[in-house]
1. Output the relative contact order of the chain, whole-number percent, from Cα pairs under 8 angstrom with separation of 6+ residues.
2. Per residue, what volume in Å³ does the convex hull of the Cα atoms of segment 1-104 enclose?
3. Would you mind calculating the relative contact order of segment 92-153 from Cα pairs under 8 angstrom and at least 6 residues apart, reporting the percent as a whole number?
4. Give the separation of the Cα centroids, segment 80-146 to segment 1-63, in Å.
5. For Asp147, which sequence-distant residues (separation of 5 or more, or a different chain) have an amide H within less than 5 Å of its own amide H, given hydrogens modelled in the peptide plane?
6. Would you mind getting me the FRET efficiency between His11 and Asp50? Use the beta-carbon distance for r and R0 = 22 Å, nearest 0.05.
7. Using a Gaussian network model of the chain with C-alpha springs under 10 Å, which one of Glu23, Glu112, Glu41 is most mobile by mean-square fluctuation?
8. Treating cross-link reach as a plain straight distance, find the lysines whose alpha-carbon is under 17 Å from the alpha-carbon of Lys38, omitting any fewer than eight places away in the same chain.
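Just so it is clear, none of the values below were taken in a lab; they were calculated from the coordinates. Not measured: the values here are computed from a predicted model. Methodologically, a virtual Cβ is constructed for each residue, glycine included, from the backbone with ideal geometry; neighbour enumeration extends over all protein chains shown.
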Amino acid sequence: MSACRVVITKHTGTLVLYDGDEEVLRIPVVTGKNPADKQREGDLATPEGDFYICYKNPQSKYHRFLGLSYPNAEDADRGRRTGLITAAEHADILKSLAARQCPPWKTPLGGEVGLHGPCPNVTWTHGCVAMPVVHIERLYDLLDIGDPVTILP
């Protein structure tokens with residue numbers, strides 16, 4: 001595979017993996033209990049927007065974990081505008097994103113959002129994207145740090 005990218009559509013509960021423009025895999029997924037765009041830590045919503053894989057954990061409590069670059073720049077700007085995060089937190093997020101690293105995950109915006117295996121809540125997550133073991137294992141093997149992930153409403 002050459003140019004992998006993932007598109008997740010929350011309202012249909014689907015994840016599609018593309019190699020260039022070719023659809024390679026389509027799987028059912030479960031997202032946050034709250035269908036809105038993620039605004040803050042603990043809101044049970046899965047974020048929407050453009051992200052990239054910034055972290056891989058082969059031994060997660062959810063089997064495998066592919067961490068996403070949430071919060072992205074738009075989330076950080078919104079958080080700063082509304083006073084949810086400080087100027088220093090905003091700067092740290094933007095600096096991490098510019099370096100293509102994981103942004104700080106311990107701000108009031110929340111973090112540690114990613115793709116992972118089954119979760120204890122069968123029909124929803126706390127804001128991640130969950131799927132059966134067979135699918136997260138395949139994605140874990142196919143996706144690399146830096147691969148783009150788009151999450152649509």
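1. Numbers: 351 pairs, mean separation 49.4, N = 153.
Averaging sequence separation for qualifying contacts and normalising by length gives 32 percent for the chain.
2. On the way: hull volume 13.4 nm³, N = 104.
Given the Cα convex hull of segment 1-104, per-residue volume reads 129 Å³.
3. Values: 40 pairs, mean separation 13.5, N = 62.
Contact order relative to length: 22 percent.
4. About 9 Å separates the Cα centre of segment 80-146 from the one of segment 1-63.
5. Residues meeting the criterion, in which the H sits 1.01 Å from N, are Ile53.
6. Numbers: r = 18 Å, r/R0 = 0.81.
Using R0 = 22 Å, I get an efficiency of 0.80.
7. Residue with maximal mean-square fluctuation among Glu23, Glu112, Glu41: Glu23.
8. Lys38 reaches Lys10, Lys106.
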